[in-house]
Amino acid sequence: MFKLFDMSGRVAVVTGSTKGMGLEMARALGQAGARVVVSGRAADVSEQVAAGLREQGIDATGIACDIVDLASVRAFADQVLAKFGRVDALVLNAAGSTAVGSMLGQGPEQFDEVMAGNVRGNLVLVNALAPQMMERKDGSITFMSSIAARRGSAMLALYSISKGATDLAMRNLAQTLGPYNINVNSINPGPVRTDFSRDALWGDPEREKALSAGIPLRRIAEAVDVAGLALLLASPAGRYISGQTIGVDGGATA
């Protein structure tokens, strides 16, 4: 029987997956049967988190990757392919910087830092892993973007620019890789309670209250709220969804 969300026998790579949204997405993919690669900057932490998933019955391997360091990104791709020989689902969740503040007063150093952490490394990794998908004519690539890509921001100006670039890169890749039966999409979360967003979004209770008031579901997201969409896009159920920016925002952009 055709199983919509069955990932058995498939290899799923989730960058930035030692905690937060990345970890919940890796867990969901693993629970659906995928062999999961857990990745963070530190090898010991990546393997420790993978060991925790294995205790839950998930086939998980930890391999380090610093998305800002191009040598690390390329070495990561080589290690993954050497161990598994293939990648069926690539989830690009790792990010380098939020760069809180307006565009005014932020120089080229801050711009380069944000683009390196949020755009450049992801595209280098796609270039390393997409060819084997193209050869097999099968695969899925999901970028983690943000609703910040859809509107201007006085507080997350450079971050929103990087996420706008992420969404356009996704659309370009959807055009390029579609003929090879590879679907490419972006997940655009609203405010999510993670360590990465603490200072910018929810660390201040009054700021969280104000954010929640503008969301129809009246709360910010928890990391697990994003996991179901990541599984959908990587699984047979989502194989005809491509080139889309899909919000997980509690109705904030409605």
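The values are calculated or read from the model by the stated rules, or taken from the named source; none is laboratory data. In this text the structure is predicted, and so the values were computed from the model without any measurement. Positions of Cβ are backbone-derived with ideal geometry, glycine not excepted, and every protein chain shown enters the neighbour counts. All accessible areas refer to the heavy atoms of the entire protein, side chains included, with ligands and DNA or RNA removed. Shrake-Rupley method; radii C 1.70, N 1.55, O 1.52, S 1.80 Å.
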Along the range 43-54, Karplus-curve 3J(HN,Hα) (6.51, -1.76, 1.60; θ = phi - 60°) to the nearest Hz, with x for Gly and Pro, reads 5, 5, 5, 4, 6, 4, 5, 4, 4, x, 5, 4
Checking the range 160-254 for chymotrypsin sites (Phe, Trp or Tyr not before Pro) in a loop per DSSP with at most 10 other beta-carbon atoms within 10 Å yields Y240
Whole-percent carbon and sulfur contribution to the accessible surface of the chain (1.4 Å, no ligands, DNA or RNA) stands at 53
Karplus ³J(HN,Hα) for the range 159-172 (6.51 cos²θ - 1.76 cosθ + 1.60, θ = phi - 60°; Hz, whole; x = Gly/Pro) runs 4, 5, 4, 5, 6, x, 5, 4, 5, 6, 4, 4, 5, 4
Dividing the mean separation of Cα pairs under 8 Å (6+ apart) by the residue count of the range 130-254 yields a relative contact order in percent of 31
Calc'd 3J(HN,Hα), the range 239-250, phi into Karplus 6.51 cos²θ - 1.76 cosθ + 1.60 (θ = phi - 60°), Hz, glycine/Pro = x, comes to 5, 9, 9, 8, x, 10, 9, 10, x, 10, 9, x
Per 5 angstrom bin, beginning at 0 and ending with the bin that holds the maximum distance, the Cα pairs of the range 129-250 fall in percents of 2, 11, 19, 21, 18, 12, 9, 5, 3, 1, 0
Of 130-138, 142-150, 99-107, ordering from highest average Cβ density within 10 Å down gives 142-150, 130-138, 99-107
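Can you work out the accessible area per residue across the range 1-119, with the rest of the protein chains kept in place, probe 1.4 Å, in square angstrom?
Per-residue accessible area for the range 1-119 comes out at 45 Å².
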Looking only at aspartates and glutamates whose Cα falls under 14 Å of K83's and that sit 8 or more positions away or on another chain, we get D59
With +1 on the Cβ of every Lys and Arg and -1 on the Cβ of every Asp and Glu, the dipole magnitude of the range 182-238 about its Cα centre, in debye rounded to the nearest 20, is 160
In this structure, the FRET efficiency calculated for V45 and A82 from their beta-carbon separation, with R0 = 30 Å, to the nearest 0.05, is 0.90
In nm, the gap between the two label points placed 7 Å beyond Cα toward Cβ at R219 and D69 is 3.8
From the Cα centre of the range 21-100 to that of the range 140-176, the distance in Å is 21
In units of 2.2 N^0.38 Å, the Cα radius of gyration of the range 23-108 is 1.28
